[in-house]
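Heads up: the structure comes next, in structure tokens.
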Amino acid sequence: MKGLLYKECKQNRLYLLLTAAAAVAAIFLPVALCFADEVEPMESYRLLLSEGETLRLIFLLLGFVAVGMMQGLTMMGDDTKKWALFTASNPKGVSGFVYTKYLLVFAMSGIMLIGCYSAEQAFTTLGYCVAKLDAMPIMSFAILLFYAQLLLRAVELPFLIRFGVKTGSMIKVIMLVAAVILFILLTLFGLMNGFFLVLNELISGQMNDALSLAISAMPFVAVGAYCLSYRISCKLYLKGAEYYVK
């Protein structure tokens, strides 16, 4: 197990470093945009601190999306028939290999969350020291995105393990395109008003009891789904070896 974990860390060390960089970029890129304003950089910075939570949330979301893409790429290089047969020949090889993959993906999400927290603390301190303003906190959304990311990986990883990175990624893209088209159609017909109302409640912090209960249950649902996904992937791994390239 330690050998597999060492292999994963060494093989994917670039993605681990990029995950930490994505956390810092998600928090500080809006600041860089403010100071790119040659006319009134300080005024733009004050506006970001006082009323720029929407822009900051967009960059935070983009950061988690970027990390999610890198998490899928951690399977590259291991979706081969030779590696699958070698893994299966060792005691607890399949469960150990899949476990380390899930642990790596979880660690990347954890690095993103901790990195965002550290960068957010630096951002808040900088804002008070430079502009004497308190920035709107966004860490509650980072925590929600952390659990949402676990849910998405719980769905994605079994596909990647069953069909390999190439085929699994194609399936993911098809599902994403279908979801975007459905979202656009529902929005055009006015059927997403409830979703936008919930989003507005999240941003404003004025949540009703049902939404508060759903958010409270999200950690248990996400972790439970992630553990179940691991069990499913263990059963699918050898079945998916025939779909691997070589």
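The values are calculated or read from the model by the stated rules, or taken from the named source; none is laboratory data. Keep in mind it's a predicted model, so treat the numbers as computed, not measured. All Cβ positions, even for glycine, are placed from backbone atoms using ideal geometry, and neighbour counts span all protein chains on display.
What the table below lists for this structure:
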quantity: Residue in the range 91-112 that is modelled with the lowest pLDDT, counting only those that are of a type in the set (Gly, Ala, Ser) and over 28 Å from LEU60 (Cα atoms); calculated: GLY93
quantity: Hits in the range 115-152 (condition: acidic (Asp, Glu) and assigned to a helix (DSSP H, G or I)); calculated: GLU120
quantity: Selection count, the range 134-153, where residues are among the small types (Gly, Ala, Ser), farther than 19 Å from SER216 by Cβ and crowded, with 21+ Cβ neighbours inside 10 Å; calculated: 0
quantity: Any hit, the range 222-233, residues being surrounded by 14 or more Cβ atoms within 10 Å (Cβ to Cβ), modelled with pLDDT under 85 and not polar (S, T, N, Q); calculated: no
quantity: Check on GLU8, more than 15 Å from ALA122 (Cβ to Cβ), among the acidic types (Asp, Glu) and crowded, with 18+ Cβ neighbours inside 10 Å; calculated: yes
quantity: Top-ranked residue of the range 30-48 - restricted to ones that are crowded, with 17+ Cβ neighbours inside 10 Å and of a type in the set (A, V, I, L, M, F, W, C), ranked as modelled with the highest pLDDT; calculated: VAL31
